[in-house]
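These notes concern the structure reproduced below.
The values are calculated or read from the model by the stated rules, or taken from the named source; none is laboratory data. It should be emphasised that the depicted structure is a prediction, and the values quoted were computed from it without experimental measurement. Ideal geometry is used to build each Cβ from the backbone, glycine not excepted, and the neighbour counts take in all protein chains shown. All accessible areas refer to the heavy atoms of the entire protein, side chains included, with ligands and DNA or RNA removed. Shrake-Rupley method; radii C 1.70, N 1.55, O 1.52, S 1.80 Å.
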Amino acid sequence: MKTLFIDTETTSHHSSNCGLVQIAGIIEIDGKEKERFNINSNIFDDDWVSEEALEINNLTMEQINKFPKPRIAFAKFISVLKKHIDQYNKTDKFIVLAYKSEFDNNVLRKWFIKNNDNYFGSWFWNPWIDIMNLAMYVLQSERHQLTNFKLITVAEHLDINLNDRNIHDALYDVELARKVYKEIV
């Protein structure tokens with residue numbers, strides 16, 4: 001079983017028009033960690049940029065403009081996938097897990113399209129597993145005790161050690177989401 005825990009950081013809260021600036025993941029095969037990746041990317045010219053998202057990600061456009069061009073970052077991401085998946089084998093794909101997986105799935109699908117790649121489905125099984133929904137199921141009787149259901153709030157409620165300074169760094173968020181997943185299952 002090939003599992004990919006993934007997180008994206010973007011320039012907007014709207015997956016339909018945001019730019020992807022960071023993608024990180026942890027790959028497990030048969031429950032054992034095999035690889036971690038953390039890729040920064042510049043954005044496409046028509047990507048929407050929200051000042052609020054830049055503040056949340058602690059980034060400036062000057063920093064983003066120094067990141068590798070999207071096509072270079074995308075090629076790096078594909079090279080990571082190719083190490084573990086044979087995209088021409090219809091039975092060889094990642095099971096993907098993410099906190100609020102619908103957002104990450106939409107962002108990544110659009111990133112594939114913007115990079116002129118129509119083979120998103122060659123790499124990932126559908127549907128993705130949403131760690132947030134799994135946590136809600138497990139914590140439903142305790143939900144009233146949480147002020148919100150953000151990743152950091154759920155992790156704190158589960159007594160998972162965390163470092164607030166790194167929230168909204170894709171690699172840190174994916175590590176935290178993976179810890180939440182392991183705790184609830």
The range 10-107: chymotrypsin sites (Phe, Trp or Tyr not before Pro) in DSSP coil with no more than 15 other Cβ atoms inside 10 Å: 44, 88
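Run the numbers for residue 83 and residue 109: contour at 0.36 nm per residue of separation, minus the present Cα-Cα distance, in nm.
Numbers: separation 26, 0.36 × 26 = 9.36 nm, distance 2.01 nm.
Length gained between residue 83 and residue 109: 7.4 nm.
At a 1.4 Å probe radius, carbon and sulfur cover how many percent of the accessible area of the chain? Don't skip to the answer; put the middle values down first.
Working: 4920 of 10160 Å².
Roughly 48 percent of what the probe reaches on the chain is carbon or sulfur.
Rg to Rh for the chain: what is it, with Cα atoms only and Rh by Kirkwood? Mind dumping the intermediate values first?
Details: Rg = 16.3 Å, Rh = 17.0 Å.
So for the chain, dividing Rg by the Kirkwood Rh gives 0.96.
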Show me the helices of the chain, taken as full DSSP H stretches, that run 24 Å or more along their long axis by Cα and average 1.0 or above in Kyte-Doolittle hydropathy. none
Could you derive backbone 3J(HN,Hα) for the range 8-19 from the dihedral phi with the Karplus parameters 6.51, -1.76 and 1.60 (θ = phi - 60°), listing whole Hz in sequence and x where the residue is Gly or Pro? 10, 10, 9, 8, 6, 7, 9, 5, 6, 9, 7, x
Compute a Gaussian network model of the chain, connecting alpha carbons closer than 10 Å, and tell me which residue from 43, 27, 56 fluctuates the most. 56
GNM of the chain, Cα pairs under 10 angstrom: of 110, 93, 82, the biggest fluctuation goes to 82
Amide H of residue 124 versus every other amide H placed in the peptide plane: which residues, excluding those fewer than 5 positions away on the same chain, fall under 5 Å? 94
Connecting C-alpha atoms closer than 10 Å in a GNM of the chain, tell me which of 104, 117, 169 has the biggest fluctuation. 117
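Return the loop-located trypsin sites (Lys or Arg not before Pro) in the range 120-167 (DSSP other than H, G, I, E, B) with at most 16 other Cβ atoms within 10 Å of their own Cβ; answer none if there are none. Could the numbers behind the result be given before it?
Working: sites: 143, 150, 165; in loops: 150.
Here the trypsin sites (Lys or Arg not before Pro) that fit, given the DSSP loop and packing criteria, are 150.
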Please compare each pair in 32/182; 110/182; 32/110 to a cut-off of 23 Å on the Cα-Cα distance and tell me which ones are over it. 110/182; 32/110
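Could you do me a favour and compute the accessible area per residue for the chain, 1.4 Å probe, result in Å²? Before the final figure, lay out each step's value.
Working: 10160 Å² over 185 residues.
Roughly 55 Å² per residue, with all protein chains present.
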